[in-house]
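None of the figures in this text is laboratory data; all of them are computed from the coordinates on show. Everything quoted here is computed from the prediction, not taken from an experiment. Glycine also receives a Cβ, built like all others from the backbone with ideal geometry; neighbour counts cover every protein chain displayed.
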Amino acid sequence: MMHPADLPETVSVFPLPGALLLPRSRLPLHIFEPRYLQMLDDALKTQERLIGLVQPNPCQSNENKLHQIGCAGRVTQFSETEDGRYLITLTGISRFRIQAELDAFTPYRRCNVTWRGFDRDLGKVEHDEGFDRVGLLKLLEKFFSSRKLSADWDMLKDANDELLVNSLSMLLDFDPEEKQALLEAPCLRTRRETLVTLIEFAMRGGANEETLQ
């Protein structure tokens, strides 16, 4: 387990809209752009092997603007294809807040960051004392059925609170801004409440205009 003192002040960032990485969760990525291949090569040369995943936050005045909060992941698995691409897995370590973007002499972006305020990310697995698992699974059944999606229901029933909530937050097809709201949730309970709200909102906006009871 990493400690705050182990985390660097500078992180290479990978702006990827719609992708969400959360602490203690795993995200597979396919790396093929030359600048991000270079970023991965450089990350693998460091002891931490960290890459920061950040949502773009474009605006009229700056189309390259980033959201302030991202999540750093450690490269825990990687393989190289015959044509030079990488298949990697990032394991979420901690969220961070961007303080400034550097004028780096690299083809990819680098930022000075602070890890303050995200102490729980480096702690033990979170639990949600008010978690209504039965209610969430019933909601998921309706949501998945409305979109003709399949799920491993046995796995969902057996998963611990954090694994279930974080996996759904990462895997479900929400908009980038909704993904950012899930990332910025201060604790597991707030993330679960946000997740339920987003699912209910998606259901109400579906073709059948269904309203959940």
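In terms of modelled amide H atoms, which long-range or inter-chain residues lie less than 5 Å from the amide H of LEU102?
Here the answer is ARG110, CYS111, ASN112, since their amide H atoms fall under 5 Å of that of LEU102.
To make sure I understand the rule: partners must be lysines, Cα under 29 Å from the Cα of LYS65, and not fewer than 8 residues away in the same chain. Which ones qualify?
Those lysines meeting the cut-off are LYS45, LYS179.
What whole number of Å gives the distance from the Cα centroid of the range 1-67 to the Cα centroid of the range 86-139?
Taking the Cα centre of the range 1-67 as reference, the centre of the range 86-139 is 10 Å away.
Charges only on Cβ, +1 for Lys and Arg, -1 for Asp and Glu: so what's the dipole of the chain about the Cα centre, in debye to the nearest 20?
Working: 26 positive and 33 negative charges, 38 e Å.
Magnitude of the dipole: close to 180 debye.
Based on the Kirkwood radius over alpha-carbon pairs, what value in µm²/s does the Stokes-Einstein equation return for the translational diffusion coefficient of the range 4-122 at 25 °C and 0.890 mPa s?
It diffuses with D of about 169 µm²/s by this estimate.
Multiplying the sequence separation of ASP175 and SER79 by 0.36 nm and subtracting their Cα-Cα distance, what value in nm do you get?
Working: separation 96, 0.36 × 96 = 34.56 nm, distance 2.94 nm.
Going from the current span to full extension adds 31.6 nm.
How far is it, in nm, from the label point at ARG120 to the one at THR89 when both lie 7 Å from their Cα along the line to the Cβ?
Modelled inter-label distance: 2.6 nm.
For LYS138 and ASP6, what is the calculated FRET efficiency with R₀ set at 30 Å and r taken between the beta-carbons, to the nearest 0.05?
Numbers: r = 42 Å, r/R0 = 1.39.
It comes out at approximately 0.10.
Tell me the Rg and the Dmax, in Å, that the Cα atoms of the range 133-204 produce.
Rg, Dmax (Cα atoms, Å): 11.5, 32.
Determine which residues of the range 18-37 fall in the zone a paramagnetic label at CYS59 would reach in this model, i.e. backbone nitrogen under 15 Å from the point 7 Å along Cα→Cβ.
none
Which one, (1) 14.8; (2) 10.5; (3) 13.9, gives mean projected area of the Cα convex hull in nm² as derived from the coordinates shown?
After the calculation, the listed value that fits is (3).
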